[in-house]
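Read the structure below first, then the notes.
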């Protein structure tokens, strides 16, 4: 069984957002599968923006960010869900990740050879991303650039060994039947801790 952190990265707390339904479906599935689960919603957190290198490297995180860091340390699997905005994650989620994945928490400024020491080792992650465009267009024409940045420069850089992605496209034209299929698939991913 896994310890799973679900990070719901939609900045709008309104319940009708599909990301929130996906996060709830993953949580239900994970609990059915016997996994331990913690859900963090970015929309419910309050924290300042980082505005300088000094702040990033030396300022202590506020309580809400520290809670998120504690959940990251506890988890063996992290699920990050967000809508694609302007080709990448929403600014609020990016700001939260900047706050949480700091030197001293996610990695060390001291290096082991050429690279910094990674502190989030032996963990896996799942990215679930919704978008208005068809998912194959984002994956193959745009090369998933915004998601690739999160995979490579945040998660893998800090030690995550397995990072999988699920893209759900054409959200604006999604009917109830397709929405149900997506929720069922995400519930199954949660049940299997993937």
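Given labels modelled 7 Å from the Cα in the Cβ direction, how far is it in nm from residue 16 to residue 188?
3.0
Of the listed peptides 174-184, 42-52, 21-31, 96-106, what is their order by residue-averaged count of other C-beta atoms within 10 Å, with the highest listed first?
Going from most to least packed, we get 21-31, 96-106, 42-52, 174-184.
Once the piece of chain linking residue 121 and residue 170 is laid out straight, how much longer is it, given 0.36 nm per residue of separation minus the C-alpha distance between them?
This chain segment gains 14.2 nm when fully extended.
Would you mind computing Rg(Cα) / (2.2 N^0.38 Å) for region 97-194, counting N as its residues?
Relative to the 2.2 N^0.38 Å estimate, region 97-194 comes out at 1.31.
Over region 68-144, what portion of Cα pair distances is larger than 18 Å, expressed as a whole percent?
Pairs farther apart than 18 Å: 54 percent.
Kindly give the semi-axes, whole Å and largest first, of the ellipsoid equivalent to the chain, taking each as the square root of 5 times a Cα gyration tensor eigenvalue.
After diagonalising the Cα gyration tensor, the semi-axes are 27, 19, 17 Å.
By per-residue mean of other Cβ atoms within 10 Å, what is the highest-first order of 2-9, 65-72?
Highest mean packing first, the order is 2-9, 65-72.
Using only Cα atoms and rounding to the nearest 10 degrees, what angle (0 to 90) does helix 63-74 make with the longest principal axis of the chain?
Between the helix axis and the principal axis of the chain, the angle is about 80 degrees.
Going by alpha carbons, how many degrees (0 to 90, nearest 10) lie between the helix axis of 176-191 and the longest principal axis of the chain?
Helix 176-191 sits at roughly 40 degrees to that axis.
Values in this text are rule-based calculations from the coordinates and carry no lab data. Please read these numbers as outputs of a predicted model, since none were measured by experiment. Note that we place each Cβ from the backbone using ideal geometry, even for glycine, and neighbour counts take in every protein chain shown.
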